[in-house]
Amino acid sequence: MKYVFANIRSLVASVVVVAAVGFSPARAQYGYDFYGDYGYYGGYPYFGYHSSTALEGYSRGLADLIRSQGLYNALSAAGASQAEEARRKAIENYKQAVETYYHVRDLNRARRTAEQERRRERVQEWLAKRQPYRPPRLSPTQLDWLTGELQWPAIFLDPAYAEPRETLDTLFRQRTAEGFLDAEAYAQAVEAGTALLEQLKSRISQYRPRDYITARRFVEAVIVEAGLPAL
């Protein structure tokens with residue numbers, strides 16, 4: 001409003017100056033000046049409508065000013081409203097994009113979880129149907145059935161395996177003589193065999209894969225054989 005009144009004061013001052021230096025009742029009413037000159041527009045005499053008085057011109061100018069100010073305010077308000085609407089839609093679009101991202105992520109995670117569960121079930125079914133591994137009894141080339149002497153793979157001739165190896169040799173000679181091992185003796189055989197397997201595993205990098213597997217299976221068969229009657 002302060003801006004409007006400032007413009008009104010400027011317009012009033014302009015009207016007063018124009019009226020003082022150039023306007024006459026004849027020019028205002030008929031379109032020509034005091035000396036009878038007609039107005040020109042585009043090189044031709046102009047007989048269009050003019051304000052009949054300075055007051056009318058002032059009033060029309062003031063009305064145009066007020067109308068322009070109102071139009072400016074209306075357009076400014078419309079622009080602000082459109083900007084706010086655009087901002088609101090941008091926020092909604094961003095929110096929808098974030099929700100879509102997390103929704104898709106959750107769907108993928110659920111799908112992977114379901115697939116892993118199906119694989120786990122298939123593995124469990126396969127393990128349930130699979131016959132448990134049971135090492136075969138020692139062959140005559142691995143165990144002398146008459147004396148109970150074990151024919152150790154070359155790996156176990158290393159002095160590092162001497163203690164558990166000698167324990168098993170003693171127990172198998174006892175088994176051959178008595179026909180079987182009692183619970184205490186069998187527990188000692190299992191303990192000695194387990195010690196051999198642990199030592200063998202700790203040195204796995206020193207052996208070729210085939211030699212390691214052969215030695216491990218031999219000890220596993222020895223443990224099983226210790227729990228069976230002698231032939």
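The values are calculated or read from the model by the stated rules, or taken from the named source; none is laboratory data. The shown structure was predicted, so the numbers you read here are calculated from the model rather than taken from an experiment. With ideal geometry, Cβ positions are generated from the backbone for all residues, glycine too; neighbour counts draw on all protein chains shown.
The residues in region 158-168 that are surrounded by 15 or more Cβ atoms within 10 Å (Cβ to Cβ) and not basic (Lys, Arg) can be counted, and the count is 4.
Of all residues in region 213-231, those that are of a type outside the set (Val, Ile, Thr) and free of Cβ contacts under 8 Å to residues at least 24 places away in the same chain total 1. The single residue among Leu171, Leu181 that is surrounded by 10 or more Cβ atoms within 10 Å (Cβ to Cβ), outside any helix (DSSP H, G or I) and in the same structural domain as Leu200 (by TED's automatic domain parsing) turns out to be Leu181.
Any residue in region 106-124 that is within 30 Å of Arg210 (Cβ to Cβ) and assigned to a loop (DSSP other than H, G, I, E, B)? There is no residue in region 106-124 that is within 30 Å of Arg210 (Cβ to Cβ) and assigned to a loop (DSSP other than H, G, I, E, B). For region 151-174, indicate whether the set of residues that are touching a Leu at 6+ places or on another chain (Cβ under 9 Å), at pLDDT below 95 and basic (Lys, Arg) is non-empty. No.
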